[in-house]
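Working notes for the structure below.
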Amino acid sequence: MRPIVIVPACTRDFGEHPYHAAQHKYVDAVVLGADCAPMILPSLGESLDLETVLDLCDGIMLTGSASNVHPSYYSEEVLDPSLPQDPARDQTTLPLIREAVRRGIPIIAICRGFQEMNVALGGNLHQAVQSVSGKFDHRENPELGMDEQYGDAHNVTIVPGGCLEGILGVSEIPVNSLHGQGVNELGPGLRIEAVAEDGLVEAFSVSTAPGFTLAVQWHPEWRIEHNPYSMKMFGAFGQACREFQAERQSRQRALRQSEQWNQS
């Protein structure tokens with residue numbers, strides 16, 4: 001059986017009806033890049049049965065989204081009220097991240113997922129990177145077509161000796177850039193894995209986590225089969241999920257055997 005990877009959904013309104021939604025490209029990345037079985041998780045907030053979900057899954061992928069993490073989670077006011085929020089997703093993913101890290105469940109996080117992972121673990125964000133002195137404008141041009149929006153925008157320098165260097169085996173790669181917010185201060189225990197040319201953190205891992213963690217600000221899921229770096233990243237994530245699945249199944253077998261012995 002393939003490992004199960006939880007993909008938390010966004011909440012969106014289509015017409016007059018609210019939906020739990022996940023874009024195809026993220027689901028495809030789990031299947032094509034990680035060779036795992038995706039399971040879309042509704043953003044149920046406080047109604048989520050966290051224990052049940054985490055007992056079933058072998059990995060988590062945190063997707064990008066048009067919405068932003070609400071700044072109240074890092075003690076700030078909303079800078080631009082016109083930008084979309086998704087409180088149900090915040091209430092779902094932030095506790096999910098913390099408990100998954102504690103359990104050693106593999107995590108790969110993209111764009112919004114990268115930002116919410118930092119916030120969940122005690123960091124904060126620039127709400128408008130383009131307004132920060134010395135930083136570039138990392139937003140996409142909405143007047144361009146999708147292939148151009150998701151095309152290479154700048155290079156990132158990969159920190160030597162880290163998780164990402166171990167996966168990719170290079171010191172620099174080109175990436176796309178479609179975000180207005182970004183890391184200001186990293187949470188405790190987070191390790192920088194890559195930085196943009198303006199010094200903005202573009203990737204990090206959780207140095208204190210017992211399992212695989214990798215969070216990136218760019219979008220490796222875009223046309224994943226045509227990007228060897230993206231395939232390597234998701235391949236490493238998928239392998240971590242398979243190893244976690246094997247350990248989880250071994251623990252479950254040992255528990256069943258123990259219960260049988262106690263009953264005999």
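The values are calculated or read from the model by the stated rules, or taken from the named source; none is laboratory data. What you see is a predicted model; the values in this text were computed from it and never measured. Every residue, glycine as well, gets a Cβ built from its backbone with ideal geometry; the counts of neighbours run over all protein chains shown. These area figures cover heavy atoms from the full protein model, side chains too; ligands, DNA and RNA do not enter into them. Shrake-Rupley method; radii C 1.70, N 1.55, O 1.52, S 1.80 Å.
If you keep only loop residues by DSSP, which GluC sites (Glu not before Pro) in segment 26-84 have at most 15 other Cβ atoms within 10 Å of their Cβ?
Here the GluC sites (Glu not before Pro) that fit, given the DSSP loop and packing criteria, are Glu76, Glu77.
Name all residues of segment 133-158 having a backbone nitrogen under 14 Å from the label point set 7 Å from the Cα of Val170 along its Cα→Cβ direction, giving them as ranges.
Residues passing the 14 Å test: 152-158.
With contacts defined as alpha carbon pairs under 8 Å and 6 or more residues apart, what's the relative contact order of segment 7-116 in percent?
32
What percent do you get for the relative contact order of the chain when only Cα pairs under 8 Å and 6+ apart count?
Reported as a whole number, the value is 21 percent.
Any chance you could check the Cα centroid distance between segment 221-264 and segment 162-184 for me, in angstrom?
Measuring centre to centre over Cα atoms gives 25 Å.
Could you work out the equivalent-ellipsoid semi-axes for segment 12-149, taking the square root of 5 times each eigenvalue of the Cα gyration tensor, largest first, in whole Å?
Over the Cα atoms of segment 12-149, the semi-axes work out to 25, 19, 16 Å.
Got a number for carbon plus sulfur as a percent of segment 116-238's accessible area, 1.4 Å probe?
The computed percentage sits at 47.
For every helix of n ≥ 4 consecutive DSSP H residues, a contribution of -39,500 (n - 2.57) applies; sum these over the chain, divide by its total residues, and give [θ] at 222 nm rounded to the nearest 500 deg cm²/dmol.
-10000 deg cm²/dmol
Short version: ³J(HN,Hα) in whole Hz for each residue of segment 155-161, in order, from phi by Karplus 6.51 cos²θ - 1.76 cosθ + 1.60 (θ = phi - 60°), x for Gly and Pro, what are they?
Here the 3J(HN,Hα) series is 9, 10, 8, 8, 6, x, x Hz.
Averaging sequence separations of C-alpha pairs under 8 Å and six or more residues apart, then dividing by the length of segment 131-264, give the relative contact order as a whole percent.
Relative contact order here is 20 percent.
Compute, for segment 28-137, the length of the dipole vector about the Cα centre, with Cβ point charges of +1 (Lys, Arg) and -1 (Asp, Glu) only. Units Debye, rounded to 20.
Dipole of segment 28-137, to the nearest 20 debye: 260 debye.
Would you kindly derive the ³J(HN,Hα) couplings of segment 18-35 from the backbone phi angles with the Karplus curve 6.51 cos²θ - 1.76 cosθ + 1.60 (θ = phi - 60°), listing them in order in whole Hz, with x for Gly and Pro?
Along segment 18-35, the couplings run x, 10, 8, 9, 9, 5, 4, 5, 6, 4, 4, 5, 5, 6, 7, x, 9, 6 Hz.
I need the phi-derived Karplus couplings for segment 178-193: 6.51 cos²θ - 1.76 cosθ + 1.60, θ = phi - 60°, integer Hz, Gly and Pro marked x.
Result, ordered by residue: 9, 9, x, 9, x, 5, 9, 10, 6, x, x, x, 8, 10, 5, 10 Hz.
Picking from Gln249, Gln91, Gln127, which is most flexible by a Gaussian network model of the chain using Cα springs under 10 Å?
Maximum among the listed residues: Gln249.
Taking the chain as the reference, fit the longest principal axis to its C-alpha atoms, fit the long axis of helix 87-103 to the helix C-alpha atoms, and give the angle between the two in degrees, 0 to 90, nearest 10.
50
Would you mind working out the accessible area per residue for the chain, using a 1.4 Å probe, and quoting it in Å²?
That works out to 48 Å² for each residue.
What do you get when you divide the Cα radius of gyration of segment 113-206 by 2.2 N^0.38 Å, with N the number of residues?
1.09
On full extension of the chain, what length is gained from Glu197 through His226, given 0.36 nm per residue of separation minus the C-alpha to C-alpha distance?
8.0 nm
If the viscosity is 0.890 mPa s and the temperature 25 °C, what Stokes-Einstein diffusion coefficient in µm²/s follows for the chain when Rh is the Kirkwood radius over Cα pairs?
D = 130 µm²/s.
Nearest 10 degrees is fine. How inclined is helix 228-263 to the longest principal axis of the chain, computing both from alpha carbons?
For 228-263 against the chain, the angle is about 30 degrees.
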